[in-house]
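Colleague: Provided herewith is a single structure, encoded as structure tokens, for subsequent inquiry.
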Amino acid sequence: MFKNYFKTAWRNLLKNKTFSAINILGLAIGIAAFLLIVNYLRFEYSFDDFNANKDRIYRIPMVITETGGQPQTFAFTYPALAPAIKKDFPEVQETVRFRKTWGLVQHDDQKIIESGFMYYVDPSVFNVFSFGFERGSAVTAFSQLNDAVITHSTALKYFGKENPVGKTLHYRDEDYVVTAVLKDIPANSHLQFHILFNYNKYIQVTNGDANTSWNWSDFYTYLLLKPGANVNALQAKMPAFAERYMGTDMKKNAYTISFQLQPLKDIHIRSSYDYELEGSGDLYYLNILV
């Protein structure tokens, strides 16, 4: 029976070659477009899934409202927030700060301008995020102030096929020792970088301001909650936390500030904050495709 059906269909195709070709081509294009959209959506919604603790990781953005003004949203906050929130709230297991830096990096005669893909980070970064190691380990990565961690592609760029561990990169008149090499950061990570420097070094070069300032912003702050911690209960404590550390300044300069707990999985496609890191998506356009 099926053989007869096939023969009949084949004869009809041959009789109407042009019409059949148009239909087959349209069907093929439709299937290809559907598969592309499915793969694109799958990729967009998979952002930061590689992190083992993704459901317990939150970023802390902030909203500042001046008296009589419109709210201003910032994806970053102050450097003093991370140690303060870890000290004040036992449900916070770990915090980590990212401070972007850029400039000329040199190894021997090779000079490369790294524009925006270098960060000073707290050594706790590897306790929060699941970046894979090719060489070295999280335990020894930032044991010294002038330690640096680089990605696989960065290692090839500066050192070729040589083992880069123990070798130096020159940046801002100082030598930094490569202590570890990470696997290239997954494309579906909202955090993208080439080189990481020890944040404790940044505290040193800023005479402590990078650890104590409640006025200097541009620090992206993340926290890892302990298992079973109630994020809604912690969010409810944020107004009092802001008042405790910034109440005097808020009164003096006539503004209010609120700190938010933003789930890691919301950052790429659901964030409504300004000054995002590179690579943020847009949920509105994704919903159109669904």
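The values are calculated or read from the model by the stated rules, or taken from the named source; none is laboratory data. The model shown is predicted, which means the values in this text are computed figures rather than measured ones. Backbone-built Cβ (ideal geometry, glycine too); neighbour counts: all protein chains shown. Only protein heavy atoms, including side chains, enter the accessible area calculation; ligands, DNA and RNA are left aside. Shrake-Rupley method; radii C 1.70, N 1.55, O 1.52, S 1.80 Å.
Colleague: Open to solvent by 30 Å² or more (accessible area, probe 1.4 Å) and on the phi > 0 side of the Ramachandran plot - does that describe any residue in the range 144-161? Write out each step before concluding.
Modeller: Taking the range 144-161 first, the residues open to solvent by 30 Å² or more (accessible area, probe 1.4 Å) are 144-146, 152-153, 156-157, 160-161.
If we keep only those that are on the phi > 0 side of the Ramachandran plot as well, we get 160.
Yes: one or more hits.
Colleague: Among Gly136, Gly103, which is of a type in the set (Gly, Ala, Ser) and out of contact with any Ser or Thr (no Cβ under 6 Å at 6 or more places or on another chain)? Lay out the reasoning, then the answer.
Modeller: Values: Gly136 fails: out of contact with any Ser or Thr (no Cβ under 6 Å at 6 or more places or on another chain).
Going through Gly136, Gly103 in turn, the sole match is Gly103.
Residues are listed down the side, and each one gets a yes or a no for (1) among the acidic types (Asp, Glu); (2) modelled with pLDDT of 95 or more; (3) surrounded by fewer than 19 Cβ atoms within 10 Å (Cβ to Cβ); (4) touching an Asp or Glu at 6+ places or on another chain (Cβ under 6 Å):
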| position | (1), (2), (3), (4) |
| --- | --- |
| Tyr202 | no, yes, no, no |
| Thr221 | no, yes, no, no |
| Gln235 | no, yes, yes, no |
| Leu283 | no, no, yes, no |
| Asn287 | no, no, yes, no |
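Colleague: May I pose another question? If you check every pair at least six apart or on different chains, which have Cβ atoms under 6 Å apart with a residue in the range 105-126 that is free of Cβ contacts under 8 Å to residues at least 24 places away in the same chain first and a residue that is open to solvent by 30 Å² or more (accessible area, probe 1.4 Å) and in a strand (DSSP E or B) second?
Modeller: Lys111/Leu104; Ile113/Leu104; Ser115/Trp102
Colleague: Looking at the range 126-143, which of the residues that are under 19 Å from the mean Cα position of the chain (by Cα) and farther than 16 Å from Asp184 by Cα is least open to solvent (accessible area, probe 1.4 Å)? Break it down stepwise before answering.
Modeller: Narrowing the range 126-143 to residues under 19 Å from the mean Cα position of the chain (by Cα): 126-133, 138.
Then drop every residue that is not farther than 16 Å from Asp184 by Cα, which leaves 127-128.
Values: Asn127: 88, Val128: 1 Å².
Per the stated criteria, the residue is Val128.
Colleague: Of everything in the range 105-127, what is touching an Asp or Glu at 6+ places or on another chain (Cβ under 8 Å) and at pLDDT 95 or above? Give them in sequence order.
Modeller: Kept after step one, since they are touching an Asp or Glu at 6+ places or on another chain (Cβ under 8 Å), are these residues of the range 105-127: 105, 116, 124, 127.
Answer for the range 105-127, where residues must be touching an Asp or Glu at 6+ places or on another chain (Cβ under 8 Å) and at pLDDT 95 or above: Val105, Ser124, Asn127.
Colleague: Return yes when Leu191 is open to solvent by less than 70 Å² (accessible area, probe 1.4 Å), modelled with pLDDT of 95 or more, of a type in the set (A, V, I, L, M) and in contact with a Leu (Cβ under 9 Å, 6 or more places away or on another chain) and no when it is not.
Modeller: Values: open to solvent by less than 70 Å² (accessible area, probe 1.4 Å): yes; modelled with pLDDT of 95 or more: yes; of a type in the set (A, V, I, L, M): yes; in contact with a Leu (Cβ under 9 Å, 6 or more places away or on another chain): yes.
Spelling it out, Leu191 is indeed open to solvent by less than 70 Å² (accessible area, probe 1.4 Å), modelled with pLDDT of 95 or more, of a type in the set (A, V, I, L, M) and in contact with a Leu (Cβ under 9 Å, 6 or more places away or on another chain).
Colleague: Could you look through the range 70-88, keep only residues that are touching a residue at least 40 places away in the same chain (Cβ under 8 Å) and more than 21 Å from Ala210 (Cα to Cα), and pick out the one that is most open to solvent (accessible area, probe 1.4 Å)?
Modeller: Let us first name the residues in the range 70-88 that are touching a residue at least 40 places away in the same chain (Cβ under 8 Å), namely 72-86, 88.
From what's left, more than 21 Å from Ala210 (Cα to Cα): 72-73.
Working: Gln72: 75, Thr73: 31 Å².
Step by step, filter the range 70-88, then rank; the result is Gln72.
Colleague: Also, I was wondering about something else. Which residues, counting only those in the range 159-179, are under 24 Å from the mean Cα position of the chain (by Cα) and not hydrophobic (A, V, I, L, M, F, W, C)?
Modeller: Tyr171, Tyr176, Thr179
Colleague: Among the numbered criteria (1) under 26 Å from Thr206 (Cβ atoms); (2) among the polar types (S, T, N, Q); (3) in contact with a Ser or Thr (Cβ under 7 Å, 6 or more places away or on another chain), which one does Asn127 miss?
Modeller: Asn127 satisfies every listed condition except (3).
Colleague: Something else: Considering every residue within the range 85-103, establish whether at least one is under 30 Å from Phe159 (Cβ atoms), of a type in the set (Ser, Thr, Tyr) and at pLDDT 95 or above.
Modeller: Looking only at the range 85-103, we keep the residues that are under 30 Å from Phe159 (Cβ atoms), and these are 96-103.
Narrowing further to those that are of a type in the set (Ser, Thr, Tyr): 101.
In the following step, the residues that additionally are at pLDDT 95 or above were identified as 101.
Checked against the condition, which is being under 30 Å from Phe159 (Cβ atoms), of a type in the set (Ser, Thr, Tyr) and at pLDDT 95 or above, the range 85-103 yields at least one hit.
Colleague: Further question on the same structure: Which of the residues belonging to the range 95-119 are among the acidic types (Asp, Glu) and open to solvent by 30 Å² or more (accessible area, probe 1.4 Å)? So that I can check it myself, show each step before the final result.
Modeller: Looking only at the range 95-119, we keep the residues that are among the acidic types (Asp, Glu), and these are 108-109, 114.
Result: Asp108, Asp109.
Colleague: State which residue pairs qualify: first residue farther than 17 Å from Asp48 by Cβ and part of a loop (DSSP other than H, G, I, E, B) and inside the range 253-270, second residue of a type in the set (A, V, I, L, M) and modelled with pLDDT of 95 or more in any location, beta carbons under 9 Å apart, and separation of 6 or more residues or different chains.
Modeller: Final answer for the pair search is Gln260/Ile60; Gln260/Met62; Gln260/Val63; Gln260/Met238.
Colleague: Only one of Asp173, Asp209 is touching a residue at least 24 places away in the same chain (Cβ under 8 Å) and either out of contact with any Phe, Trp or Tyr (no Cβ under 7 Å at 6 or more places or on another chain) or closer than 22 Å to Lys86 by Cβ (or both); which? Explain how you work it out, then say what you get.
Modeller: Working: Asp173 fails: touching a residue at least 24 places away in the same chain (Cβ under 8 Å).
Answer to the selection: Asp209.
Colleague: Still on this structure, please answer the following. Of all residues in the range 12-29, which are surrounded by 10 or more Cβ atoms within 10 Å (Cβ to Cβ), part of a helix (DSSP H, G or I) and either at positive phi or modelled with pLDDT under 80 (or both)? Working first, answer last.
Modeller: Narrowing the range 12-29 to residues surrounded by 10 or more Cβ atoms within 10 Å (Cβ to Cβ): 12-13, 16, 19-29.
Then keep just the ones that are part of a helix (DSSP H, G or I); that gives 12-13, 19-29.
Selection gives Asn12, Leu13, Phe19, Ser20, Ala21, Ile22, Asn23, Ile24, Leu25, Gly26, Leu27.
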